[in-house]
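Engineer: To start, I am sharing the structure in question, which I have written as structure tokens.
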Amino acid sequence: MEIKVRKARCEDIDKLAALFDKLNDYLEANENLCGWKKGVYPTKEDAKHFYDTDTLYVSEVDSLVTGSIAITQEAEKNPDNGKWQVEADDEVFVVRLFALDPDFFHKGISGEMLNFTEKLAREQDKKAIHLDVYEKNIPAIKVYEKNGYNFIDKVDLGLGAYGLDLFCLYEKVLV
């Protein structure tokens with residue numbers, strides 16, 4: 001199985017919307033460790049936002065879109081920004097909208113997408129990659145830690161109304 005990660009194209013937006021719905025249906029039927037909800041997050045509008053800002057990438061297997069990742073310099077807005085080792089926005093990539101088709105769980109796609117992000121960061125002389133993850137999303141946390149991301153802090157991102165109280169901040173320093 002060959003995994004490719006590439007810049008998203010306009011025609012990928014509808015494919016990602018279907019993937020997000022499929023993923024949210026899967027999460028609702030199983031243990032929803034990330035707290036996502038169909039029609040709330042992630043949505044077609046989220047994909048379109050990151051596509052419009054030229055920060056959206058997709059994973060692909062046999063020409064099938066299997067996942068999304070937005071690679072931005074725009075962090076979540078929160079009053080307690082954690083204790084990052086590298087803080088300057090222009091020196092950091094931020095991983096957002098990281099989603100995977102449930103049919104492709106445990107096939108190495110998440111690791112490939114993180115490797116792609118690191119390669120792109122190094123090409124653009126970034127010093128670190130940041131991300132946040134809901135504190136109960138243990139499978140995602142394990143993927144991040146396996147790929148060299150270090151726990152920084154737990155913070156409130158203001159999503160308590162959705163039952164998402166604390167998020168773990170992770171950082172991979174590249175220098």
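Engineer: Quick one: length gained pulling residue 54 to residue 103 fully straight, 0.36 nm per residue minus the C-alpha distance? Kindly include the intermediate steps, with their values, before the conclusion.
Structural biologist: On the way: separation 49, 0.36 × 49 = 17.64 nm, distance 2.68 nm.
Between residue 54 and residue 103, full extension yields 15.0 nm more.
Engineer: Further question: From the helices alone, meaning DSSP H stretches of at least four residues, give me the mean residue ellipticity at 222 nm for the chain, per-run term -39500 (n - 2.57), in deg cm²/dmol to the nearest 500. Walk me through the numbers before you get to the answer.
Structural biologist: On the way: 4 runs with 51 residues, N = 175.
Calculated from helices alone, the mean residue ellipticity at 222 nm is -9000 deg cm²/dmol.
Engineer: A further question follows. Order 162-170, 37-45 from most to least packed using the mean count of other Cβ atoms within 10 Å. Please list the in-between numbers first.
Structural biologist: Working: 162-170: 18.1, 37-45: 15.1.
Descending packing order for the listed peptides: 162-170, 37-45.
Engineer: Now a separate question. Using a Gaussian network for the chain with springs between C-alpha atoms less than 10 Å apart, which of these wobbles most: 83, 136, 154?
Structural biologist: 83
Engineer: If you place +1 on the Cβ of every Lys and Arg and -1 on the Cβ of every Asp and Glu, how big does the dipole about the Cα centre of segment 1-123 come out, in debye to the nearest 20?
Structural biologist: 140
Engineer: Rank-order 142-151, 11-20 by packing density, defined as the average count of other C-beta atoms within 10 Å over each peptide's residues, highest first. Write out the running numbers ahead of the final one.
Structural biologist: Details: 142-151: 15.4, 11-20: 18.1.
Ranked by mean Cβ neighbours within 10 Å, highest first: 11-20, 142-151.
Engineer: What residue among 85, 66, 139 has its Cα farthest toward the positive end of the dipole of segment 44-175, where the charges are +1 on Lys, Arg and -1 on Asp, Glu, each on the Cβ?
Structural biologist: Among 85, 66, 139, the one farthest towards the positive end of the dipole of segment 44-175 is 139.
Engineer: Also: Note down the nm distance, to one decimal, between modelled labels 7 Å out along Cα→Cβ at residue 45 and at residue 11.
Structural biologist: Result for the modelled spin labels: 2.7 nm.
Values in this text are rule-based calculations from the coordinates and carry no lab data. Nothing here was measured: the structure is a model prediction, and the numbers come from that model. We place every Cβ from the backbone using ideal geometry, glycine too, and count neighbours over all the protein chains shown.
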